[in-house]
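Working notes for the structure below.
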Amino acid sequence: MVLLRFAPSPTGALHLGGLRTALYNHLYARKLGGKWILRIEDTDSARYVPGSVDGIRSALEWAGLGYDHGPGKDGAHGPYFQSERLDLYHSYTRKLLDSGHAYRCFCSSDKLNSTREKLARTGSNVTYDKACLSLTEEEVARRVRAGEKSIVRLNDDRLPKRQTPSDIIFGILKDAHASLPTDPVLLKSDLFPTYHLASIVDDHEMGITHVLRGEEWLPSLPLHLDLYSCLNLSPPQFAHLPILLNPDGTKMSKRKGDVQVLDFMRRGWEPEALLNWLALAGWGVHHENGGTPDASPSRTSLQAPDSTTLMSLSELIDQFDLPSLTHRRNILDPLKLEYLNKHHLMRSWQTNEGIEIHAKRVSDSVKIAFPSSPYTSIEYIVEVIRALQGRIVNLHDVPSLAPFFFIEPNYSTDEAKAMIRSMTSSDYNNSVQAVARRLSVQSSETIDISGVLHDEADKSGLKQRIFMTAVRHALTGMKSGPSIPEIVGVLGIQRTLARLKYAVHMGHVDTQSI
Ligand code: GLU
């Protein structure tokens, strides 16, 4: 059975990149009938941000990505906070020290800095002069006994024969070892492990079969493989997920817009749409360079979904496949999120239950936008949603998309004024009055509004466009929106009539206007 893990550090809110990693872990685990663990990598106390674990958990819950084991969900693999697993890291450190694959270093950070600078000035890519490697066992023991602080380093002179690292998505990594620091640190002087040691120990101890993580960890892969071979352990398989980019090719960052999942939650995006968007951004482009380790002919025949294919979480699980992920940097285009959100909404309105759940959310945002509006009942808002369907990109937009359903139209906006600038007041009044007259004599809910409009427009001798603009103006004060019969259907005959009469009475059109 496959076992995966999502291993965020609690250094702040969950970003889109983190959610994408969690999502791919979830998809792959579910696809293969396996499980995934949430592991909190909290070994760097300087970067710890209180509240981040709760934030990460609630973002995952909102997204519907339920981990199998982790904080609050115990199982055989705990504890799930690395800070509670220190004994384990110490015992692995001991093994590495005993086998000579690691050694203690007592150099102060000042000394290390000046050594690094000196080496860099000579053009060398060596980052440490291995001074402490020559200490005798007795000397080391004496200094430890005396309480002197030390760190533990990997001895990269004593590595077993290296294999060329390979990654499921990035393929074979040539010269990957070149960027590693000299004798990387495994255990810090506060007795906490570095990320590298903790990560390989936990992945092994927890029985992880596949590591899916961000591309920023790809340079660490050779070191992790070295550690596995020093310990005589077989490594899991690795798949690194490409960095996410804005449509202009720049890296996503807080300065350039929303990157935190919380921003998307607050903004009212549907979790299924967000997952659909994230999943497909990196999906479907095949490894044209043939760089993947086990490229097989059948792979090229995989049918990749287009980046705007509407897919639910279960459809994503069904069609997910690691080799079909691209190694190219993934562009996240906000327009595609809008498209997907709109269509996920429409899909969920095919059932009464779906539309009612959304009506409740819209009702809450109408109450905030228009606190004195009496039109916030679920039944009323269901009608509003039906009338607006196809125009709603995000549920949060409903109050601003069609305020006239909740409050009286605002006729003093530039938009409202522009609508009637091209007609005379008598054309306006005649149009609006004609419809008002018909509705007041025939005021029945079964009235054929579209028939009435066409009839009266014909009789008026005015251009249809002018006639309809006048009526739309009177009812909404806005240029676009649902059809007039749909608007009347939501408002009801009495509110419609009241608006038409009020509009005429107000005399909106300046006779001097052209
Ligand atoms: N703790 C790392 C992070 O938050 C994840 C590294 C990994 O998945 O191995 O980016």
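Read-outs: derived from the displayed coordinates by stated rules, not from any lab. This is a predicted model, so every value here is computed, not measured. Glycine also receives a Cβ, built like all others from the backbone with ideal geometry; neighbour counts cover every protein chain displayed.
Which of the residues spanning the stretch 180-223 are acidic (Asp, Glu) and within 12 Å of the ligand (Cβ to nearest atom)? Break it down stepwise before answering.
Here is the first cut: in the stretch 180-223, the ones acidic (Asp, Glu) are 183, 190, 202-203, 205, 215-216.
ASP202, ASP203, GLU215, GLU216 - these are the residues of the stretch 180-223 that are acidic (Asp, Glu) and within 12 Å of the ligand (Cβ to nearest atom).
On inspection, GLY66 does not qualify as more than 23 Å from VAL211 (Cα to Cα) and under 20 Å from the mean Cα position of the chain (by Cα).
Every condition in (1) within 16 Å of the ligand (Cβ to nearest atom); (2) farther than 25 Å from LEU245 by Cβ; (3) without any contact (Cβ under 8 Å) to a residue 60 or more places away in the chain is met by ALA22 except one, and the failing one is (2). Residues considered: ALA387, ALA402. Of these, the only one that is in contact (Cβ under 8 Å) with a residue 60 or more places away in the chain and in contact with a Leu (Cβ under 7 Å, 6 or more places away or on another chain) is ALA402.
Between LEU191, LEU197, LEU212, the distinction of being under 31 Å from the mean Cα position of the chain (by Cα), touching a residue at least 40 places away in the same chain (Cβ under 8 Å) and under 14 Å from TYR92 (Cβ atoms) belongs to LEU197 only. A Cβ distance below 7 Å, combined with a sequence gap of six or more or placement on separate chains, defines the contacts here; from the stretch 369-381, residues that are within 24 Å of ASN352 (Cβ to Cβ) reach residues that are among the hydrophobic types (A, V, I, L, M, F, W, C) and crowded, with 17+ Cβ neighbours inside 10 Å in the pairs SER373/VAL366; SER373/PHE406; TYR375/PHE405; TYR375/PHE406; THR376/VAL366; ILE378/ALA359; ILE381/ALA359; ILE381/VAL362.
Which of the residues that make up the stretch 430-444 are exposed (fewer than 15 other Cβ atoms within 10 Å of the Cβ), touching a residue at least 24 places away in the same chain (Cβ under 8 Å) and under 16 Å from ALA498 (Cβ atoms)? Give the steps one after another, and end with the answer.
The first filter runs over the stretch 430-444 and keeps only residues exposed (fewer than 15 other Cβ atoms within 10 Å of the Cβ), leaving 437, 440-444.
Right, trim to touching a residue at least 24 places away in the same chain (Cβ under 8 Å) and you get 440, 443-444.
Of everything in the stretch 430-444, those that are exposed (fewer than 15 other Cβ atoms within 10 Å of the Cβ), touching a residue at least 24 places away in the same chain (Cβ under 8 Å) and under 16 Å from ALA498 (Cβ atoms) turn out to be SER440, SER443.
Determine whether ASP167 is closer than 27 Å to HIS327 by Cα and in contact with a Phe, Trp or Tyr (Cβ under 6 Å, 6 or more places away or on another chain). It is true that ASP167 is closer than 27 Å to HIS327 by Cα and in contact with a Phe, Trp or Tyr (Cβ under 6 Å, 6 or more places away or on another chain). For the stretch 468-493: of the residues being under 17 Å from VAL504 (Cβ atoms) and without any contact (Cβ under 8 Å) to a residue 40 or more places away in the chain, which is surrounded by the most Cβ atoms within 10 Å (Cβ to Cβ)? Filtering the stretch 468-493 for residues that are under 17 Å from VAL504 (Cβ atoms) and without any contact (Cβ under 8 Å) to a residue 40 or more places away in the chain, the one surrounded by the most Cβ atoms within 10 Å (Cβ to Cβ) comes out as VAL488.
Here's a check for you: in the stretch 39-57, which residue that is more than 11 Å from the ligand (Cβ to nearest atom) and touching a residue at least 24 places away in the same chain (Cβ under 8 Å) is surrounded by the fewest Cβ atoms within 10 Å (Cβ to Cβ)?
Narrowing the stretch 39-57 to residues more than 11 Å from the ligand (Cβ to nearest atom): 45-46, 48-51, 53-55, 57.
From what's left, touching a residue at least 24 places away in the same chain (Cβ under 8 Å): 45, 48-49, 53, 55.
On the way: SER45: 9, TYR48: 15, VAL49: 12, VAL53: 20, GLY55: 18.
Per the criteria, the residue is SER45.
The criterion of at least 2 residues that are of a type in the set (D, E, K, R) and either touching a Lys or Arg at 6+ places or on another chain (Cβ under 7 Å) or more than 30 Å from ARG266 (Cβ to Cβ) (or both) is met by the following helices (runs of 4 or more DSSP H) wholly inside the stretch 390-459: 414-419, 425-441.
Among the residues examined, PRO79 does not qualify as without any contact (Cβ under 8 Å) to a residue 40 or more places away in the chain, farther than 21 Å from PHE238 by Cα and touching a Phe, Trp or Tyr at 6+ places or on another chain (Cβ under 6 Å). Of all the residues in the stretch 359-397, those that are in contact with a Phe, Trp or Tyr (Cβ under 7 Å, 6 or more places away or on another chain), more than 18 Å from ASN341 (Cα to Cα) and not hydrophobic (A, V, I, L, M, F, W, C) number 2.
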